[in-house]
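Heads up: the structure comes next, in structure tokens.
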Amino acid sequence: MARDAIVVGSGPNGLSAAIALARAGVKVRVYEAEKTIGGGTRSAELTLPGFVHDVCSAIHPMGAASPFFNQLSLSEQGLFWIYPDVDVAHPLDDGTAVALVRSIDETADRLGVDGPAYKRIVGPFAARFRELLDDVLGPMTRIPRHPLLLARFGMRAALPSSRLGFQGERARALVAGMAAHSFLPLDAPFTASFALIFAASAHASGWPLAQGGSQRIADALAATLRALGGEIVAGERIDSIAQLGDPRAMLFDTSPASLERIAGDRLPPRYRRKLKRFRLGPGVFKLDYALSAPVPWRAPECRRAGTVHLGGRFDEIAAGEAEVARGGHPERPFVLVAQQSLFDPSRAPAGKHTLWTYCHVPNGSTVDMSARIEKQIERFAPGFSEVVLARSVSTSRDVEAHNANCAGGDIAGGASDGLQFFARPVMALDPYATPARGIYLCSSSTPPGAGVHGMCGFHAAQSALQHSFQAR
């Protein structure tokens, strides 16, 4: 009997699922609704000709560390990682900045009183980071390969980020910036897990960017798939499961809501109700800039950083994220900044630069946060407005228009609070398989969640191979 599978969605998880199936000998076709493949890993000239901007994801700590990506020879398909001098800089109002760099000793030395605690808390996870990822980047129901390491991690990861054990302003500010990637209030349980993973990843494998744009990640995955005999059809939107014919497996790199809508009556009513109850997270408001010169940061560490976290002290960032969770729009939002062109001259014309920024907003917000974002940048880089040549504004609704999976601007595949931290999209021993035969979910709404790592797709493919192709 012929073995075949169809994947809906060409984000990194959809492409990874297709590659994993193709490597097992399955004939695979991927459908992408947009004309350009990649989902959250697309790049485009959003401002002026010659300025290449990342449409969604920009910096890729989990991409460089991904156990699945590292099985593939993606450099042979044109993907090359660029590593900034400073992984993350977090400026403070005194004109200095906390710097997260590859050396854990150098990072700790800059944290003052918290230096020894930082090495004690983060050091063990950085030293065994790849072993930790083996367990963290998978479903919670799987028997861990490194139970003692995972238990040690879990004891701290379950904490709110405010209780990680740091006392000084500098370490707490650094923690706040990394924990805010969770899209949760910083006093929420498990926000410490984000800070620990991101800090450990910096020391173990770095926070790189893709040379030429994040699109190169999708292009390299697509080339790998095609080399294995897989097909990709772009510009064809799937609105009904009837469009897919009768393959042995259908994997959806989509939101739970899209899966429920497309699969319809093929799914049991109870499961459909659960998918409808899956909660979205906050959205993002994004600004991309074409610049005549680099950002004039006061702190020299920021001028050498691929990523800059803007927000000041822990308490200020915590207050802003809490306001977003309440449905508000903070006057001083936490702003994520990426400076790809400082390290990749292909991103802008000679002597010019790009800047990638976003802040968190309530899901579906239509409020223009441009002035508040720019005020935060000017706070730490006086004179920034003088180097702006052009800007591209994306509200949370615009983000959704570019990628239907990002409903209301939610780029994280759903909220990660409460039970949804574990149960994505539902509580199940196999969260990728639906109750309907041959239908699977492989998006970031499944474990391990958001990030450009392809592991959601990889694990979903393993489920499909087991249940639909009886792989051993």
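The values are calculated or read from the model by the stated rules, or taken from the named source; none is laboratory data. No experiment lies behind these values; they were computed from the predicted model shown. Methodologically, a virtual Cβ is constructed for each residue, glycine included, from the backbone with ideal geometry; neighbour enumeration extends over all protein chains shown. Surface accessibility is based on the protein's heavy atoms, side chains included, excluding ligands, DNA and RNA. Shrake-Rupley method; radii C 1.70, N 1.55, O 1.52, S 1.80 Å.
Things worth noting here:
- Wholly enclosed helices (runs of 4 or more DSSP H) of the stretch 1-120 bearing at least 3 residues under 19 Å from the mean Cα position of the chain (by Cα): 12-23, 61-65
- Lone qualifier among R266, R237, R216 - being among the charged types (D, E, K, R) and touching a Gly at 6+ places or on another chain (Cβ under 8 Å): R216
- Looking across the stretch 363-388, the residues that are touching a helix residue (DSSP H, G or I) at 6+ places or on another chain (Cβ under 6 Å) and in contact (Cβ under 8 Å) with a residue 40 or more places away in the chain come down to N363, G364, S365, I377, F384.
- Test: residue in the stretch 443-450 that is in contact with a helix residue (DSSP H, G or I) (Cβ under 6 Å, 6 or more places away or on another chain), surrounded by fewer than 23 Cβ atoms within 10 Å (Cβ to Cβ) and not charged (D, E, K, R): yes
- Test set (1) at pLDDT 95 or above; (2) hydroxyl-bearing (S, T, Y); (3) farther than 21 Å from T357 by Cβ - S73 fails condition number: (1)
- Close contacts from the stretch 262-277, counting a first residue that is farther than 18 Å from N405 by Cβ and a second that is part of a helix (DSSP H, G or I), with Cβ to Cβ under 6 Å and a gap of 6+ residues or different chains, come to R266/I241; R272/E260.
- Residues that are open to solvent by less than 20 Å² (accessible area, probe 1.4 Å) and either at pLDDT below 95 or hydroxyl-bearing (S, T, Y) (or both) within the stretch 41-56 comprise just one, T41.
- Residue within the stretch 320-335 that is touching an Asp or Glu at 6+ places or on another chain (Cβ under 9 Å), free of Cβ contacts under 8 Å to residues at least 60 places away in the same chain, under 30 Å from A242 (Cα atoms) and open to solvent by 20 Å² or more (accessible area, probe 1.4 Å) present: no
- Residues satisfying the stated conditions in the stretch 134-169, i.e. surrounded by 14 or more Cβ atoms within 10 Å (Cβ to Cβ), more than 22 Å from the chain's Cα centre (by Cα) and assigned to a loop (DSSP other than H, G, I, E, B): P144, H146, L164, G165, F166, G168
- Search result, residues across the stretch 28-40 that are of a type in the set (A, V, I, L, M, F, W, C) and open to solvent by 30 Å² or more (accessible area, probe 1.4 Å): A33
- Leading residue by the ranking (farthest from the chain's Cα centre (by Cα)) among those in the stretch 350-387 that are open to solvent by 10 Å² or more (accessible area, probe 1.4 Å) and β-branched (V, I, T): V387
- Test: residue in the stretch 174-194 that is within 25 Å of P330 (Cβ to Cβ), in contact with a Phe, Trp or Tyr (Cβ under 8 Å, 6 or more places away or on another chain) and of a type in the set (V, I, T): yes
- Those residues of the stretch 111-133 which are among the β-branched types (V, I, T), surrounded by fewer than 21 Cβ atoms within 10 Å (Cβ to Cβ) and touching a Ser or Thr at 6+ places or on another chain (Cβ under 9 Å), in sequence order: none
Condition check ((1) crowded, with 17+ Cβ neighbours inside 10 Å; (2) of a type outside the set (F, W, Y); (3) out of contact with any strand residue (DSSP E or B) (no Cβ under 6 Å at 6 or more places or on another chain)) across all residues:
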{"site": "R237", "(1), (2), (3)": "no, yes, yes"}
{"site": "P256", "(1), (2), (3)": "yes, yes, yes"}
{"site": "I262", "(1), (2), (3)": "yes, yes, yes"}
{"site": "P282", "(1), (2), (3)": "yes, yes, no"}
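- Look at the stretch 166-186: where a residue is over 10 Å from F198 (Cβ atoms) and a partner is open to solvent by 20 Å² or more (accessible area, probe 1.4 Å) and among the acidic types (D, E), sitting 6+ places away or on another chain with Cβ atoms under 7 Å, you get L184/D417.
- Residue check for P268: more than 28 Å from P61 (Cβ to Cβ) and surrounded by fewer than 23 Cβ atoms within 10 Å (Cβ to Cβ): yes
- When the stretch 447-472 is limited to residues that are free of Cβ contacts under 8 Å to residues at least 24 places away in the same chain and assigned to a loop (DSSP other than H, G, I, E, B), the one that is farthest from L137 (Cα to Cα) turns out to be Q470.
- Check on D219, modelled with pLDDT of 95 or more, among the acidic types (D, E) and assigned to a helix (DSSP H, G or I): yes
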